[in-house]
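The block underneath contains the structure these notes are about, expressed in structure tokens.
No value in this document is a laboratory result; all are computed from the given coordinates. Keep in mind it's a predicted model, so treat the numbers as computed, not measured. Please note: Cβ atoms are built from the backbone with ideal geometry, for glycine as well, and neighbour counts cover all protein chains shown.
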Amino acid sequence: MAYQGKKLINDPNAVVTEFIEGLVETYPGLQYLDGFPQIKVVLRADVSPSQFDKVAVISGGGAGHEPAHAGFVGPGMLTAAVSGDVFTSPPVDSILAAIRAVTGPKGCLLIVKNYTGDRLNFGLAAEEAKSEGYKVEMVIVGDDCALPPPRGIAGRRGLAGTILVHKVAGAAADAGLSLIEVAGEAKRAAELVGTMGIALSVCTLPGQVTSDRLDAEKMEIGLGIHGEPGLAVVDLKPVDVVVAHILKQILSPEMGYVPVTRGSNVVLMVNGLGATPMMELMIATRKAVPELLLEHGVAVDRVYTGSFMTSLDMAGFSITLMKSDPSILERLDAPTKAPYWPVAVEGNRPPAKIPVPVPPSYSSRTDEVLSQPQELTKLGCTLEAAIEAAAKELIALRDDLNEWDGKAGDGDCGTTMYRGASAVLEDMKKRSACFPCQLYILFWVLTHKLGKLCFWYPMNDAAETVNEIGATIRRVMGGTSGILYDILCKAAYANLKGRLEPTAQEWATALEASLAAVSKYGGARAGFRTMLDALIPACTVLKERLDAGDDAVTAFVLSSEAAMNGAESTKNMQAQAGRSSYIAPENLVSVPDPGAMAAAAWYRAAALAVASKLKS
């Protein structure tokens, strides 16, 4: 029978904020950004972006894995850590706040565990930061060794091995290496590491009931760090048997998880999942070291035992192996003051919090908005017509999209698109607000330090309009679709920035860059049964027709036909991304992908609106 879990907390919704407040009170080398509850960022107290002459290393993820990630912020390791709510990816604005707060001229490296939400949110933040002039690289860590190589694009989950990647990257950055060099060392470290875990109990989220999934005499092997079911439930075994099984799985040559063979040297990490006593962890370590040498011919260079990346109060542990060599050991042995590596508590106490930084271009953007002419140019009128037509088409298509999504996903694609399209139409109206009203809105936003919470579309500036559409979508759509469309807009903005009246070729180039960004961070590509199956053919035809000498309008309309044909072709595709990838292929026959149909619909509506506007 499930029961309410006991927790020493106040408000279940405030646990992350209150954890961070306690952390910075304990360790004087840490600060947090003054943006609670929305912004949950811990950073080094000694770093100022204007004076920081090293690569910043930033990581993060959902809370509930303490001490990860904030406990590994300090010289020689992370420069900042971004937290979401419990087991929830941090929002894009929090990640951006961290980038702006610590990134100097040498740029920053984002280290991200391989979960879709983390990849998308950090990816979008990276694109926006790049558009603001920051140098950003991103490394994905997927060290899970529990499951066979997966189909599709999901890949291996990021687990406790990520902490070793943090240490390698942080030491490389502290040594003064360039961004490309630090990213290279982090990527190499990620390729050398593998992790597998077991659990004796299921974790309890704050304010929720405790699951009774595991009987008293059972254990789970091959689980992740979010309380999800493992690979298998088996009878409880002695720890020596468990350790031997885990090591055999990680080192399995058939699976090829880590490049470790007889004669190799490794680093060993035995990581508690939250409720495992140190005694039990040490018992596991005591078995692992001789097992590696005697049974696998592998020598252990370093051993780290403790709780590094937990799953709230889960009882169990994970074992991580990283192939070692002199360069890896040099990074792991380099000094750090990150509190949980560990570090002594010393030094003068600086202020516990500092303001959330605003984008460096905000002041100039404010001047542009205030000086924005009220009369629309020909471009502005055309852009306005295209956006309005695209949004109205999505609104009209809501029920059809929901029906298709009910067969291929969770049935809310139309509702999600409707919400985004409606918000775009609403924010378009603010463009025509009178000048005194715009001044009042701007004053209110600035005095409340809320950044860009109010939107208006400067239609005479194509790049800024695309950028603001992305901001609207991010604000209201949420989920994977919202992030993907915001990435689409952000990448297009980066390519169109500074071009008040882009040429048709420049629009095509921006679209191509946008699709590349969506594919990069989302992992999908043509044939995966996603919105890319509509937009990639559209982009291809658009570029081909322009290169052949067609006028822009003709090329746009023809490319919209390619988008619709591409969306229809998804009826015959096997899903390899998104929720549809979990559906039996026979259930998807004759059902188009709703995301692709939505993309084709707004693209075609925009093309027809442009054609009509320019011919009238």
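Counting other Cβ atoms within 10 Å as a rough exposure proxy, the listed residues GLU137, GLU21, GLU128 run GLU21, GLU137, GLU128 from fewest neighbours to most. The ranking of THR261, THR210 from fewest to most other beta carbons within 10 Å of each one's beta carbon is THR261, THR210. Per residue, the chain reaches -15000 deg cm²/dmol at 222 nm when only DSSP H runs of four or more residues are counted, each adding -39500 (n - 2.57). Using the Cα coordinates of the stretch 1-155, the gyration tensor eigenvalues translate into equivalent-ellipsoid semi-axes of 25, 22, 13 Å, sorted from longest to shortest. Entry for the stretch 460-575 at q = 0.14, 0.22, 0.23 Å⁻¹: log10 I(q)/I(0) = -0.60, -1.28, -1.33, Debye formula applied to identical alpha-carbon scatterers, no solvent contribution.
On a full-extension model of 0.36 nm per residue, what is the gain between LEU500 and GLN208, subtracting their alpha-carbon distance, rounded to one decimal in nm? Gain in length upon complete extension: 99.9 nm. Pop out the Kirkwood hydrodynamic radius of the chain from its pairwise C-alpha distances, inverse of mean 1/r, in Å to one decimal. Roughly 25.9 Å, rounded to one decimal. The packing ranking of peptides 601-609, 225-233, highest mean first, is 601-609, 225-233, where packing means the average number of other beta carbon atoms within 10 angstrom of each residue.
Summarising the label geometry, the points placed 7 Å from Cα in the beta-carbon direction at LEU8 and THR261 lie 5.1 nm from one another.
Across the chain, C-alpha contacts under 8 Å between residues 6 or more apart give a mean separation that, scaled by the residue count, equals a relative contact order of 13 percent.
Residues ILE153, ILE246, arranged from fewest to most other Cβ atoms within 10 angstrom of their Cβ, appear as ILE153, ILE246. Would you mind checking LYS167/LYS337; LYS130/LYS543; LYS135/LYS520 for any pair whose Cα atoms are more than 21 angstrom apart? Too far apart for the 21 Å limit: LYS130/LYS543.
Computed over the Cα atoms of the stretch 375-431, the ratio of the radius of gyration to the Kirkwood radius (Rg/Rh) comes to 1.14. Which angle from 0 to 90°, rounded to the nearest 10, does the C-alpha axis of helix 116-131 make with the longest principal axis of the chain? Taking Cα atoms only, the helix is inclined about 60 degrees.
The angle separating the long axis of helix 278-296 from the principal Cα axis of greatest extent in the chain is about 90 degrees. Along the axis of the charge dipole computed for the stretch 466-559 (Cβ charges of +1 for Lys and Arg, -1 for Asp and Glu, origin at the Cα centre), the listed residues GLY482, ALA548, PRO502 are led at the positive end by GLY482. The angle between the Cα long axis of helix 479-496 and the main principal axis of the chain comes to about 60°, on a 0 to 90 degree scale.
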